[in-house]
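Peer 1: One structure is given below, represented as structure tokens, and several questions about it will come after.
The values are calculated or read from the model by the stated rules, or taken from the named source; none is laboratory data. This one's a predicted model, so the numbers in the text were calculated from it and none came from an experiment. Note: ideal-geometry Cβ built from the backbone for every residue, glycine included; neighbour counts use all protein chains shown. These area figures cover heavy atoms from the full protein model, side chains too; ligands, DNA and RNA do not enter into them. Shrake-Rupley method; radii C 1.70, N 1.55, O 1.52, S 1.80 Å.
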Amino acid sequence: MNNDLKTGTTNLRIAHLYAHFLNIYGDKGNIIALVKRANWRNIDVEVVAIDLNQKLDYNYFDIFFVGGGQDKQQQIIASDLKSHGHGLKEAIASGAVILSVCGGYQLLGHYYRPHQGADLEGISLIDAFTVAGNKRMIGNVVIERENGLQLVGFENHSGKTYLGKDVKALGKVITGNGNNGEDKLEGVCQAIGSGFVYGTYLHGSLLPKNPHLTDEIIRCALRRRFGEINLTKLDDKLETLAHDKALHFQA
Amino acid sequence: MPNTNPFSFLSHECAIIVGKVAARAIRFLGYGLGSNLPGKLANKISPKLLPYLSAKIQGGIIAVSGTNGKSTTSGLIASILNTAKFKIIHNKQGANLYTGITTCLIDNSDWLGNIEADWGIFEIDEAALPQIARQTNIDYVIVTNLFRDQLDRFGELDTTFQLIKQGIEFNKSKTILNADDPNIAQLVENNVEAYYGIKKLSNQSSVSDSEIRELAYCSFCGNEFKYNQIFYGQLGDYYCSNCENKRPNLNIFADNIHVLAQESSFDLWINGNCLSINLKLPGLFNVYNALAAASIAHILNVNAETIKHGLENYSTLFGRSEKIVLHNKTILIQLIKNPAGASQTVKAACHDPNARIIIAINDNLADGRDVSWLWDTEFEVLSKHTNEIIVSGKRCYDMATRLKYAGVPEKNIIVKESLKDALLFGIDLTNQNQTLWILPTYTCLLDLQKIVKSLGYSLSGT
């Protein structure tokens, strides 16, 4: 079935950060998509849930995933994430990939500024900051990436994220609000060293309906330990139908 | 309501007449159930109509709120209280917002606004509870559970928690709480009339580790709860590892539970007395609904035999484990709307070796516009299901993708965009000895109702 890979020769190691706390909105779907699409190509996947106060071997993992949570959970994990800031930065610089959605995305920037109370400090992995907005941005989203490919999803956030001028967004907003409802940008997709930082407000879940992005992340993550690998083409009929239908949903 | 209302000089009576006429017109013309609009119009004319009418209920008001089980719990209560010869009114159409409750009151009053009823049993939407509680005195509030549900509407789970709490505290209502849900058990400290729950489950195989559960913290010391046993989601027998806090003692509980394909049996313990119950409803979640209903019935001094009779002779409500026979095939319809409930329903369907399954997903406002919840639902159990699974609704391809990633072979995933096609195809596939399980989201259920009607049959909501 696969020309490039034999079972057992390649594997993918995913650290699911705070799986226990941040899982509010179909975050699990992103992990499922990564695992399945790797498995279908005979790539073994190991997913390790990382809890609060747990040691994290930054060098071991190919992908770090941080989902979204409720305010209370965000506060609980923020300082712990901060303690991993340096390690994560080095891991990514040496080729790992981090994917973060919603709340997790916000904490990759410098800070999250709530309506009241102190800023929630982020890990400054990317030059970005988030401020609490007055209106919740809820609805279907379509964005277009630099390569012309489109991503579909659903946003539900009141935080407004602003990227620094040298930071690359994940895409341009076609439908919906994106990072802040103002600059027509959505998410982040930034190379750091030989690794990548992906951040987005898109739920849906994000990866299952955007298989091209899932494969991009898998390919990127495998590069660190296995070099460039040609991923076998999969039959994406259902995923593509789901994706294409979603292109036409109202915001 | 603003006092600029040009109708404000008109009386409650006028509002009732308008409401009643509107209800009759809507129903006569076949525009729907008319379970909200009459109340909406009447409230415009007389903003204080709900408190005016609800005060006429002699015994008082019982509210059922919480994420899952509102409809069936209130239906079971109605069944028991009817058996006990109480005169009740009940929003059995499931219209559970302010306008829906108003409509129900109008429907049950005469043209002059007289209501003959001992108890009003109202399922009330979590977000609507405070608003309704401010307008009328709710005597008892039953809270079933608290799961993530339509977060695009409710915001966060903590918000929902606060709304229910406000609703209870406004009238200092007495409460009946699900002790097994740590967030519900800690909702209020005073005026708890009963805690209900499950003593233990002998068959632990039903709990999956990957199941999404809501986090629960000890209200005394802030530590996260640990569990002796989890029943499903975050429901279970829990304790705080740091202090003395634990699941409250159960006043009313179920033990010796056997969940079968489409029904369950269990021992119902009330005050040291044991009743053996055969509930004609699928899934463990319905055991909880029965416990909640038995609890309030017991508090209202209904005797044990009547409780048993009321539970066992319950006939289902619109789309809630509702069974119909269509073209000589048995169909079981169970609404799905959030991960916790849907996971339990899917599990129940898998329990039935003769199940044929249709899953219909829409993304209208009433369904939840974000379909992310499909990915938090445990569809993985369906990978072992040998029959084809039919998917339908506006989000049928999302659902098909979900099943594919849950490990269902692609050849077993049949997409029928039109719900009518899905239904007819499903009926064709179903043998005489099988049951066609239909799992629709809310607006798919409404569509299904119309389709069933067009085929010359009817659902109970009709």
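Peer 1: Quickly run through region A:146-171 and pick out the residues that are assigned to a loop (DSSP other than H, G, I, E, B) and either over 13 Å from A:Val101 (Cα atoms) or of a type in the set (Asp, Glu) (or both).
Peer 2: Filtering region A:146-171 down to residues assigned to a loop (DSSP other than H, G, I, E, B) leaves A:146-149, A:164-170.
Across region A:146-171, the qualifying residues are A:Glu146, A:Asn147, A:Gly148, A:Leu149, A:Gly164, A:Lys165, A:Asp166, A:Val167, A:Lys168, A:Ala169.
Peer 1: Could you check A:Lys36 against (1) open to solvent by 60 Å² or more (accessible area, probe 1.4 Å); (2) farther than 22 Å from A:Cys102 by Cα; (3) outside any loop (DSSP other than H, G, I, E, B) and say which number it fails?
Peer 2: With respect to (1) open to solvent by 60 Å² or more (accessible area, probe 1.4 Å); (2) farther than 22 Å from A:Cys102 by Cα; (3) outside any loop (DSSP other than H, G, I, E, B), A:Lys36 is out only on (1).
Peer 1: Looking at A:Thr232, A:Thr240, can you tell me which residue is surrounded by fewer than 24 Cβ atoms within 10 Å (Cβ to Cβ), over 16 Å from A:Leu163 (Cα atoms) and within 14 Å of chain B (Cβ to nearest Cβ)?
Peer 2: A:Thr240
Peer 1: In region A:178-211, which residues are more than 14 Å from every other protein chain (Cβ to nearest Cβ), under 15 Å from A:Ile143 (Cα atoms) and open to solvent by less than 10 Å² (accessible area, probe 1.4 Å)?
Peer 2: A:Gly178, A:Asn179, A:Asn180, A:Glu186, A:Gly187, A:Val188, A:Tyr198, A:Gly199
Residue by residue, here is whether (1) under 23 Å from B:Glu322 (Cα atoms); (2) acidic (Asp, Glu) holds:
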position: B:Asp363; (1), (2): yes, yes
position: B:Thr377; (1), (2): yes, no
position: B:Val381; (1), (2): yes, no
position: B:Met399; (1), (2): yes, no
position: B:Leu403; (1), (2): no, no
position: B:Phe425; (1), (2): yes, no
position: B:Gln432; (1), (2): yes, no
position: B:Trp437; (1), (2): yes, no
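Peer 1: From the list B:Ser383, B:Ser343, which residue is closer than 17 Å to A:Asn23 by Cβ and either open to solvent by 10 Å² or more (accessible area, probe 1.4 Å) or not in a loop (DSSP other than H, G, I, E, B) (or both)?
Peer 2: The unique qualifying residue is B:Ser343.
Peer 1: Kindly provide the set of residues from region A:159-178 that are among the polar types (S, T, N, Q) and out of contact with any helix residue (DSSP H, G or I) (no Cβ under 8 Å at 6 or more places or on another chain), ordered by number.
Peer 2: A:Thr175, A:Asn177
Peer 1: In contact with an Asp or Glu (Cβ under 9 Å, 6 or more places away or on another chain), under 29 Å from A:Asp80 (Cα atoms) and of a type in the set (D, E, K, R): is that true of A:Asp119 in this structure?
Peer 2: Judged against the criteria, A:Asp119 is not a match.
Peer 1: Here's something else I'd like to know. Go through region A:146-177 and count every residue that is closer than 21 Å to A:Gly109 by Cα and buried (at least 18 other Cβ atoms within 10 Å of the Cβ).
Peer 2: Number satisfying all stated conditions: 12.
Peer 1: A further question follows. Report every pair of residues separated by at least 6 positions or lying on different chains whose Cβ atoms are under 9 Å apart, first residue within region A:118-135 and among the basic types (Lys, Arg), second open to solvent by 10 Å² or more (accessible area, probe 1.4 Å) and part of a strand (DSSP E or B).
Peer 2: From residues that are among the basic types (Lys, Arg), the pairs are A:Lys135/A:Ser158.
Peer 1: If you don't mind, there's one more thing I want to ask. Among the residues that make up region B:147-154, is at least one of them free of Cβ contacts under 8 Å to residues at least 24 places away in the same chain and within 14 Å of chain A (Cβ to nearest Cβ)? Reasoning before the result, please.
Peer 2: To start, the set of residues in region B:147-154 that are free of Cβ contacts under 8 Å to residues at least 24 places away in the same chain comprises none.
Scanning region B:147-154, I find no residue that is free of Cβ contacts under 8 Å to residues at least 24 places away in the same chain and within 14 Å of chain A (Cβ to nearest Cβ), so the answer is no.
Peer 1: From the list B:Glu417, B:Glu378, which one is acidic (Asp, Glu), part of a loop (DSSP other than H, G, I, E, B) and closer than 24 Å to A:Trp40 by Cβ?
Peer 2: Of the residues listed, the single one that is acidic (Asp, Glu), part of a loop (DSSP other than H, G, I, E, B) and closer than 24 Å to A:Trp40 by Cβ is B:Glu378.
Peer 1: Which members of region A:31-74 meet the condition of being under 23 Å from B:Glu156 (Cα atoms) and within 12 Å of chain B (Cβ to nearest Cβ)?
Peer 2: A:Ile31, A:Asp51, A:Leu52, A:Gly67, A:Gly68, A:Gly69, A:Gln70, A:Asp71, A:Lys72, A:Gln73, A:Gln74
Peer 1: Can you tell me which of (1) open to solvent by 20 Å² or more (accessible area, probe 1.4 Å); (2) in contact with a helix residue (DSSP H, G or I) (Cβ under 6 Å, 6 or more places away or on another chain); (3) at pLDDT 95 or above is the one A:Lys89 doesn't meet?
Peer 2: (2)
Peer 1: I would also like to ask the following. Would you confirm whether or not region B:426-437 contains a residue that is part of a helix (DSSP H, G or I), closer than 30 Å to B:Asn91 by Cα and charged (D, E, K, R)?
Peer 2: No, region B:426-437 contains no residue that is part of a helix (DSSP H, G or I), closer than 30 Å to B:Asn91 by Cα and charged (D, E, K, R).
Residues are listed down the side, and each one gets a yes or a no for (1) farther than 25 Å from A:Gln74 by Cα; (2) in a strand (DSSP E or B):
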residue	(1), (2)
A:Asn179	no, no
A:Gln190	no, yes
A:Leu238	yes, no
A:His243	yes, no
A:His248	yes, no
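Peer 1: Inside region B:432-453, can you point out the residues that are in contact (Cβ under 8 Å) with a residue 12 or more places away in the chain and of a type outside the set (A, V, I, L, M, F, W, C)?
Peer 2: Within region B:432-453, B:Gln432, B:Asn433, B:Gln434, B:Thr435, B:Pro440, B:Thr441, B:Tyr442, B:Thr443, B:Asp447, B:Gln449 qualify.
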